[in-house]
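Inspection log for the structure reproduced underneath, given as structure tokens.
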Amino acid sequence: MVVNGWSRPDPHIRRCFDTRIHLLNDSGPAAYVHAQPLFLYPAEWISANTARLDAEEPHHIAAFPARETMLARIEALLAFDIDARLGEIAAPVLVSASADDMLVPASCSRRLAEALRNGVLDIAPWGGHGFTVAAPEAFNASLVRFLGGEPT
């Protein structure tokens, strides 16, 4: 299973990660963490869950990795490119995404699923990059159907 995946980053993904790099380098971990929901969730979910996000923020800041570690993670994500090898993957792969993902456009997941020999694409209509949190019922139902051999 791949959630919000890509076979190589597209220009939109690069722009998002460039913005995150600037937030981290120019404003620090607290600003990075505070902005994180903008990349992850739909606006109405953020508005409805502000108290939850505010309560979680200090914990995320306290557990935030070293700047060098975060930058290395982002660099690894941006360097990832498996396009040339997708045809070698024979196993069935569920590629789950959300239509309104602001970090990884659903088109990237669609492209990935179509290039896999046995890729199955499931795009949730709503939930952003964090649709597994914002809309867990739809995600879980799709996963259970896939694992049970049913069409998603």
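The values are calculated or read from the model by the stated rules, or taken from the named source; none is laboratory data. Everything numeric in this text was worked out from a predicted model, so none of it was measured. Note that we place each Cβ from the backbone using ideal geometry, even for glycine, and neighbour counts take in every protein chain shown.
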Quiz item: What are the pairs, 6+ residues apart or on separate chains, where a residue within the range 141-152 that is closer than 17 Å to A97 by Cβ has its Cβ under 7 Å from a residue that is of a type in the set (S, T, Y) and not in a helix (DSSP H, G or I)?
Solution: S142/S96; S142/T152; R145/T152; F146/T152
Quiz item: Given the conditions (1) touching a helix residue (DSSP H, G or I) at 6+ places or on another chain (Cβ under 7 Å); (2) assigned to a helix (DSSP H, G or I); (3) not assigned by TED's automatic domain parsing to the domain that holds F17, and given that E114 satisfies all but one, which numbered condition is not satisfied?
Solution: (1)
Quiz item: If you check every pair at least six apart or on different chains, which have Cβ atoms under 6 Å apart with a residue in the range 82-94 that is farther than 12 Å from F146 by Cβ first and a residue that is exposed (fewer than 13 other Cβ atoms within 10 Å of the Cβ) second?
Solution: A90/R117
Quiz item: Which one of R8, R20 is outside any helix (DSSP H, G or I), surrounded by 14 or more Cβ atoms within 10 Å (Cβ to Cβ) and of a type outside the set (S, T, Y)?
Solution: R8
Quiz prompt | Some residue of the range 120-128 being among the charged types (D, E, K, R), outside any helix (DSSP H, G or I), in contact with a strand residue (DSSP E or B) (Cβ under 7 Å, 6 or more places away or on another chain) and modelled with pLDDT of 95 or more | solution = yes
